[in-house]
1. Somewhere in segment 170-188, is a residue aliphatic (A, V, I, L, M) and in contact with a helix residue (DSSP H, G or I) (Cβ under 6 Å, 6 or more places away or on another chain)?
2. Please give the number of the condition L93 fails out of (1) on the phi < 0 side of the Ramachandran plot; (2) out of contact with any Gly (no Cβ under 7 Å at 6 or more places or on another chain); (3) surrounded by fewer than 19 Cβ atoms within 10 Å (Cβ to Cβ).
3. Here are G160, G172: which of them is open to solvent by less than 80 Å² (accessible area, probe 1.4 Å) and either assigned to a helix (DSSP H, G or I) or touching a residue at least 60 places away in the same chain (Cβ under 8 Å) (or both)?
4. Taking the condition at pLDDT 90 or above, open to solvent by 90 Å² or more (accessible area, probe 1.4 Å) and either over 30 Å from V119 (Cα atoms) or of a type in the set (S, T, N, Q) (or both), does K222 pass?
5. Within segment 116-125, is there a residue that is free of Cβ contacts under 8 Å to residues at least 24 places away in the same chain and crowded, with 17+ Cβ neighbours inside 10 Å?
6. With the checklist (1) surrounded by 14 or more Cβ atoms within 10 Å (Cβ to Cβ); (2) assigned to a loop (DSSP other than H, G, I, E, B) in hand, flag the one item D266 doesn't pass.
7. Give the residues of segment 180-219 that are open to solvent by 80 Å² or more (accessible area, probe 1.4 Å), under 21 Å from G259 (Cα atoms) and over 33 Å from the mean Cα position of the chain (by Cα), sorted by residue number.
8. Does G19 satisfy the criteria of being outside any helix (DSSP H, G or I), out of contact with any Pro (no Cβ under 6 Å at 6 or more places or on another chain), modelled with pLDDT under 85 and exposed (fewer than 15 other Cβ atoms within 10 Å of the Cβ)?
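The values are calculated or read from the model by the stated rules, or taken from the named source; none is laboratory data. Fair warning: this is a prediction, and the values are worked out from it, not measured in the lab. Cβ placement follows ideal geometry from the backbone for every residue including glycine, while neighbour counts extend to all protein chains displayed. Areas reflect the complete protein model, heavy atoms only, side chains present, ligands, DNA and RNA absent. Shrake-Rupley method; radii C 1.70, N 1.55, O 1.52, S 1.80 Å.
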Amino acid sequence: MATFRKRDKRWQAIIRKAGHPQAVKTFPNKAQAEIWARGVETDMDRQAWEDPTLLKEKTVDDVIAAMTTHQGVNKAQKTVHNNLSKDLGTVTLSRLTAPVIADFGRLRAKRDEAKPSTVMLDLSYLQGLVKYARTYMKLPASVDVVNAARQMLKDERIAGKPKERNRRPTQGELDKLGGYWTSPKYLRQATVPMWTVTQFAIHTAMRLGEITRIRWEDLDRKDKTVIIRDRKHPTDKMGNDQEVALLPDAYALLPDKSGDRIFPYDSR
């Protein structure tokens, strides 16, 4: 049963129930305290009550650390987590409200000149952290605050989708690139034959990651085809392997065989 006590002009509801931590909240009047208490007791009976005080015990940095230890993070995740940690790391989940998150987005846009797509990415990773806190840390965290902040920043045009690139490089631009990448100055210190890779990309429409993954064993010299492993696909997050034909201009760019990969370079 809940107990109620008057403190100055306000009323405090106190719930002590076996199997649950004590729940306490203060209201302007007794009627509101009684309504809240009935709701909490009902949720406790259904084993559906979530103790909001737990959110005061964990910070955004705590969630980042837990997620990193449990799941590991890639380089992109680590970069975004570092940005979140810099400004939100010491914020407890109880204080991670939509206005606080929106202020973070505005700060990123002003101080760091982050583009709307970058701010949107930050919010997506923050939402992932909140989901992790709820699923694995059993905290009553809600992504609603992130969604509300996202809408606020979208309305202010601080967060949004990246602008689509809808043009090809001109021949003049390609000539400038080719002139530099074949110049003695570049070739003296080059470790990557950029002009060869660029032309191969133009003639195959492959991504850099796909080009640098092609292995000699995936090349069929007779049919002049290659297999692209784990090719990115808009509806298949796992990717897929595809055999594609190499047009004569692309086939002519293949270097002499050396090592396992045709273009043994880091795609970055």
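1. Taking segment 170-188 and keeping what is aliphatic (A, V, I, L, M), we get 174, 177, 187.
Next, only the ones that are in contact with a helix residue (DSSP H, G or I) (Cβ under 6 Å, 6 or more places away or on another chain) stay: none.
Scanning segment 170-188, I find no residue that is aliphatic (A, V, I, L, M) and in contact with a helix residue (DSSP H, G or I) (Cβ under 6 Å, 6 or more places away or on another chain), so the answer is no.
2. (3)
3. Values: G160 fails: either assigned to a helix (DSSP H, G or I) or touching a residue at least 60 places away in the same chain (Cβ under 8 Å) (or both).
After ruling out the rest, the residue left standing is G172.
4. Considered against the rule, which asks whether it is at pLDDT 90 or above, open to solvent by 90 Å² or more (accessible area, probe 1.4 Å) and either over 30 Å from V119 (Cα atoms) or of a type in the set (S, T, N, Q) (or both), K222 comes out as yes.
5. Yes, segment 116-125 contains a residue that is free of Cβ contacts under 8 Å to residues at least 24 places away in the same chain and crowded, with 17+ Cβ neighbours inside 10 Å.
6. (1)
7. E217
8. On the way: outside any helix (DSSP H, G or I): yes; out of contact with any Pro (no Cβ under 6 Å at 6 or more places or on another chain): yes; modelled with pLDDT under 85: yes; exposed (fewer than 15 other Cβ atoms within 10 Å of the Cβ): yes.
So G19 passes the test.
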